[in-house]
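The values are calculated or read from the model by the stated rules, or taken from the named source; none is laboratory data. Keep in mind that this is a model prediction, so the values were computed, not measured. Glycine also receives a Cβ, built like all others from the backbone with ideal geometry; neighbour counts cover every protein chain displayed.
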Amino acid sequence: MASGTQTSTPANGDADVAEEIFGDVEATATGLSELLHHLLGSGTHTLADAGLSRFCARRLSAIQSGAEAQALECLHGLQGMAHVLGVALGHPQADLPASVLTDVIWHFHGQLHAIERWRELATNAAGMLDNRRAASDIANRYAAWARSIGEWPDAGP
C-alpha cells in the first residue's frame, strides 16, 4: 500500500479491492489531518491553537462557520449512507459482498474522524474569537517560534 501500513483484506480475499478501499480512506484522512494540523498549530513545539491565533476576527468567523458546515455535510452524508445501508441489509435476497461492507465501514470511520476534526477546528476558532487577548499573546509567541525555524518571514529592518 502507498501508506506502508498493513491491513486485513476482505473476507473474499480481493486484495485489489482492499488496496483501493484502505488507500483512498487513508489518503483522504491524511490530507484532512495535515490541513487541520497546520491550521490548528498542532506541532510538538507550538501552543494550542497557535495556527488559528494569527487570523483576524473576520477570518476566524469564516473558518468557524466553514468548519461547522463541513462537519454538518459529513454528518448528512453518513446519515444518507446509513439509510441506504439499512435498506440494503433489510432485503436479504440482495446479499452485499464483504468488500462493499468493508468499504462502508471504512468510509464511516473516515467520515467520523473528519467530523471530529472539523468540530475541533470550529470550536478552536470560536475560542480565538471569544478571547482576542489570549489569541494575540499566542499569535506573538507563535510568530517568534515560526521565525526561529524559518517558517515565518523576518520582521524586516
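Taken over segment 53-86, the criterion of being surrounded by 13 or more Cβ atoms within 10 Å (Cβ to Cβ), modelled with pLDDT of 85 or more, among the hydrophobic types (A, V, I, L, M, F, W, C) and part of a helix (DSSP H, G or I) is satisfied by L60, A62, I63, A67, A71, L72, C74, L75, L78, M81. Reported count of residues in segment 127-157, each being within 27 Å of the chain's Cα centre (by Cα), among the hydroxyl-bearing types (S, T, Y) and surrounded by fewer than 14 Cβ atoms within 10 Å (Cβ to Cβ), is 1. The conditions of being basic (K, R), within 18 Å of G31 (Cβ to Cβ) and part of a helix (DSSP H, G or I) are not met by R133. The residue pairs whose first member lies in segment 139-155 and is without any contact (Cβ under 8 Å) to a residue 24 or more places away in the chain, whose second member is among the aromatic types (F, W, Y) and assigned to a loop (DSSP other than H, G, I, E, B), and whose beta carbons are closer than 9 Å, counting only pairs six or more residues apart or on different chains, are A144/W152; A146/W152. Every condition in (1) of a type in the set (G, A, S); (2) over 23 Å from S61 (Cα atoms); (3) in a helix (DSSP H, G or I) is met by G150 except one, and the failing one is (3). Can you say whether A50 is surrounded by 16 or more Cβ atoms within 10 Å (Cβ to Cβ), in contact with a helix residue (DSSP H, G or I) (Cβ under 7 Å, 6 or more places away or on another chain) and at pLDDT below 85, as far as the supplied structure shows? Taking the combined requirement at face value, the residue satisfies it. Of the candidates D95, D103, the single residue that is farther than 30 Å from A62 by Cβ, in a helix (DSSP H, G or I) and out of contact with any Phe, Trp or Tyr (no Cβ under 7 Å at 6 or more places or on another chain) is D103.
Residue count for segment 62-81 satisfying the condition of being farther than 14 Å from E120 by Cα, of a type in the set (G, A, S) and in contact (Cβ under 8 Å) with a residue 12 or more places away in the chain: 1.
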